[in-house]
Amino acid sequence: MAESTIAGRPRGAWRGIPEGIRLGAARVDAVTPVERDRAVDALRAFAILGVVLGHWLVTALVADGGSGLRTASPLQHMPWLAPISWAFQTLAVFFLVGGHVATRGYTSARARGTTYGQWLRSRLSRLFKPVAAVLTLWTVTSVLLLLSGTDIDTVHTLVKLALSPLWFLLVFATLTAVTPLLLRLNPLWPLAVVLHVDLLRFGLGGPAWLGWVNVAAGWLVPFSLGAAWTRGELERRRAGWILLTGGAAATAALVAWAGYPASMVGVPGAGISNLNPPTLAAVTFGLAQCGLALLLREPLRRTMRRPLAWAAVALLNLSAMTIFLWHQTALMATTATGLLAGHLPGLHTLPDNLTWVAARLAWLPVFTLVLAACWTAFRLYEQGPRRPKGRTSRVIRSNPTPQNEKTKARHHA
């Protein structure tokens, strides 16, 4: 007798999972168009989680003896932990996916007769609607803190951390706005700009402000790689291997012989930051990450056929901006509330030993719960009101793979 199934999956595969979760995951899986490329959503989800976990692990708010807080980093006191930044600095993957989705979406919109202005308004509204809630809350919070007598340096530290994700949105929005110009751009052009900027800055003693050119040029490299993905130029695994090995070798050489920091995130007190603004080492490291992401597409597509895995990724993508914008607030809310109980290890203490690292890992579930509370309170700014029955959620709209596009073409032929 054939084994009974739920939504096409063996019942044994669901054992131990609550029925409500099983049915919900099966429903999300069932209504997702078969042509959607679920690997794109998985890569975006991993990129968001990498940024969130990275910030939670390397950002410390140290109590300075009174009620004030100052920023510190375990990478400042334990530089041998730099590989942590290699695992969790995943912005290049986010820009890769963003470039792929933007160029594919614009091409599709143009084919439907949608104007550039209509397409851009739709894209940017999804990015910036959640920002209003963050700005409003932190404006009110800052005023209340100052009125209560909180040290202005502490308020500056908190506001700077809370609003730090906004730089990313500004860069991402700018690149999205110029998507029509990037449809044919070779990623080697912005890479050449980054190379020459760093050569002028570090090799020839040029002005430091030149580095800010790399804020646009540096992130344009993975964004334009996403456009190349849309054009079908990165479908062969060879492309992924070239990017992974070439980017990793270039980064290792820059760190070992050119004096670039090993950490791929900024470290307080360091003379050079690889991220603020992006350096050539950060960009080559991003190329390696993009190569790995491309190589993982097929394994991710297979994994995302599992309803539970796909439902988790789909729901995370539905709230990606809310999670991104509020994760620093969750960290700071936990830290500030914890001060009522004294200076707690891993939360208010100096991050200068492995005891702090172990304690910080223990705080991650608490940060997650506070972030969940923020998500509950503010997710409607991103998701909007409940959809009318019969209208498809944007999290499960068509997002075709090249293979499925070919299948559809043969079918219609």
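Only the coordinates and a few stated rules stand behind these numbers; no lab work does. Please read all numbers here as calculations on a predicted model, not as lab measurements. Please note: Cβ atoms are built from the backbone with ideal geometry, for glycine as well, and neighbour counts cover all protein chains shown.
Things to note:
- Zone residues, the stretch 322-354, relative to A87, backbone N less than 16 Å from point 7 Å out along Cα-to-Cβ: 354
- Which of L195, G269, L225, positive extreme of dipole for the stretch 41-412 (C-beta unit charges): L225
- For the chain, a simple Cβ point-charge model (Lys and Arg +1, Asp and Glu -1, everything else neutral) yields a dipole of about 2180 debye relative to the Cα centre.
- Total formal charge among the other residues, if their Cβ is under 11 angstrom from that of P130, Lys/Arg +1 and Asp/Glu -1: +2
- Net length gained if the chain between T376 and K160 were fully extended (0.36 nm per residue, minus Cα distance): 75.4 nm
- Ordering W212, W356 from the fewest to the most neighbouring beta carbons within 10 Å gives W212, W356.
- Computed helical MRE - 222 nm, the chain, DSSP H runs ≥ 4 contributing -39500 (n - 2.57), nearest 500: -21000 deg cm²/dmol
- Cα-derived Rg over Rh, computed across the stretch 41-412 with Rh taken as Kirkwood radius: 0.97
- Net +/- balance of residues flanking P207 in space, Cβ distance below 15 Å, scoring K and R +1, D and E -1: 0
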